[in-house]
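The values are calculated or read from the model by the stated rules, or taken from the named source; none is laboratory data. Because the structure is predicted, anything quoted here is derived from the model rather than measured. Here the Cβ positions follow ideal geometry from the backbone for every residue, glycine too, while neighbour counts run over all protein chains shown. SASA here: full protein model, heavy atoms, side chains in, ligands and nucleic acids out. Shrake-Rupley method; radii C 1.70, N 1.55, O 1.52, S 1.80 Å.
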Amino acid sequence: MSDDNHMVLRNRFQQHKSKLSRSELAVAEYLLATPIDVLIFESAEDIAAKSGTSDATVIRAARRLGFTGLPELKRLSSRNMAKSVPTTERLSQRFRATGDDLGRIKKRIFSTAHEIMTSCEEKLEIDSLANAIQLLDAADTVWCLGMGRSEVEARHCATALSRVGLRTRHSGSSGFSLANELVDLRQEDVVILFHVARDTAELRLIVNQVSDIGCRVILVCGVQLTELYRDRVSAVLTCVGSAAGLASWTLGAVVTSDILAYGIATRNQDRALKSRKRLARLREQIPQ
């Protein structure tokens with residue numbers, strides 16, 4: 001594995017090494033000596049055992065190095081690898097890291113899911129959430145668009161918002177099919193775009209076209225797109241995936257949708273209750 005993959009970690013170490021205690025230094029030295037393709041699959045517990053320290057020391061060392069925690073350390077340190085290593089090789093890395101023992105696989109994936117949730121909670125800004133909820137509450141129709149592989153997230157968001165009384169539409173279409181659907185957009189509408197990581201020509205086009213109509217855009221995306229689009233849309237809600245790829249970015253996006261829906265419900269509780277009652281009545285009429 002190229003030494004370039006340790007560049008972020010090595011630079012942080014040079015900047016902050018004077019702040020590290022002896023035990024934190026042991027953690028940092030272990031991190032630097034471990035290939036990134038191995039490190040991304042290790043938990044704080046794994047690193048603590050191998051560096052002769054404790055879980056708390058590992059987490060503290062990551063923060064002393066200028067990261068929000070171990071998940072961000074692994075995510076930022078593995079970016080070069082993610083760009084240069086083919087997807088088939090990354091899948092092979094996962095096979096080597098987990099083995100085929102189902103108990104070990106379960107533990108690893110639950111650990112990764114917890115890592116994603118922790119990172120999303122850290123990255124999801126209250127001001128951005130409040131702004132997004134205010135925009136949604138005033139919208140005529142909320143359009144939930146899932147770009148690339150994000151149709152599931154868009155569908156979930158549209159369902160969650162409709163259950164608390166908002167008029168919603170969702171789509172996972174692209175190209176001409178999406179253009180045909182967006183003909184119905186109106187200035188009073190709000191568009192929620194779900195897109196994971198890479199900036200694309202289609203994403204830029206949709207943001208520009210929707211903004212030209214006068215609609216507000218809320219972007220639910222990864223860290224890299226947050227920085228690119230923060231000043232180009234009305235609100236950005238950041239969700240974080242995992243460096244290991246053992247659990248999906250979808251987890252954070254779905255929870256973020258639930259937060260939006262519940263936030264809307266608390267702002268207009270009568271509307272939410274009426275919507276829930278209508279839904280219950282409709283369900284009662286469906287033949288069992």
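What the table shows:
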quantity: Accessible surface, per residue, of region 145-237 when the full set of protein chains is kept, probe 1.4 Å, Å²; calculated: 49
quantity: Partners for Lys83 among aspartates and glutamates (Cα-Cα distance below 20 Å; same-chain residues under 8 apart left out); calculated: Asp3, Asp4, Asp37, Glu72, Asp199, Glu227
quantity: Surface accessible to a 1.4 Å probe, Lys277 within the full protein complex, Å²; calculated: 130
quantity: Area of Arg163 that stays accessible when all protein chains are in place (1.4 Å probe, Å², to 10); calculated: 100
quantity: Exposure of Tyr30 as accessible area (Å², to 10), given a probe of 1.4 Å and all protein chains; calculated: 40
quantity: Region 1-84: radius of gyration and largest Cα-Cα distance (Dmax), Å; calculated: 11.5, 34
quantity: Gaussian network model of the chain, Cα within-10 Å springs - most flexible of Asp184, Asp258, Asp270; calculated: Asp184
quantity: Highest-MSF residue in the chain out of Ala243, Ala48, Ala33 [GNM, Cα springs under 10 Å]; calculated: Ala33
quantity: Full-stretch length increase - Ala197, Gln134 - with 0.36 nm per residue and alpha-carbon distance subtracted; calculated: 20.1 nm
quantity: Value of D in µm² per second that Stokes-Einstein yields for region 180-288, Kirkwood Rh from Cα pairs, at 37 °C (0.692 mPa s); calculated: 202
quantity: Under 5 Å, built H, 5+ apart or other chain: amide partners of Thr168; calculated: Val142
quantity: Spin-label pair Lys19/Val183, simplified geometry with 7 Å Cα→Cβ offset, distance in nm; calculated: 5.7
quantity: In Hz, Karplus ³J(HN,Hα) per residue of region 190-204 (6.51, -1.76, 1.60; θ = phi - 60°; x = Gly, Pro); calculated: 10, 10, 9, 9, 9, 8, 6, 9, 7, 6, 10, 4, 5, 4, 4
quantity: GNM result for the chain, Cα springs below 10 Å: residue of Phe110, Phe176, Phe41 fluctuating most strongly; calculated: Phe176
quantity: Neighbourhood net charge (15 Å Cβ-Cβ; Lys/Arg +1, Asp/Glu -1) for Ser150; calculated: -1
quantity: Rel. contact order, % - alpha carbon contacts under 8 angstrom, at least six apart, the chain; calculated: 17
quantity: Student exercise, the chain dipole from Lys, Arg, Asp, Glu Cβ charges, in Debye to nearest 20; calculated: 500
quantity: Region 94-220 - Rg (one decimal) and Dmax (whole number), Cα, Å; calculated: 17.5, 54
quantity: Simple spin-label estimate for Ala82 and Arg230 in nanometres, 7 Å along Cα-Cβ; calculated: 1.8
quantity: Listed values (1) -0.51, -0.87, -1.16, -1.34; (2) -0.30, -0.70, -1.11, -1.41; (3) -0.42, -0.84, -1.12, -1.28, entry calculated as log10 I(q)/I(0) by the Debye sum over Cα atoms at q = 0.08, 0.12, 0.15, 0.17 Å⁻¹; calculated: (3)
quantity: Paramagnetic reach from Leu91 (point 7 Å along Cα→Cβ, amide N under 17 Å) across region 234-277; calculated: 244-248
quantity: Among Thr118, Ile206, Ser54 - extreme Cα towards positive end, dipole of the chain, charges at beta-carbon; calculated: Ser54
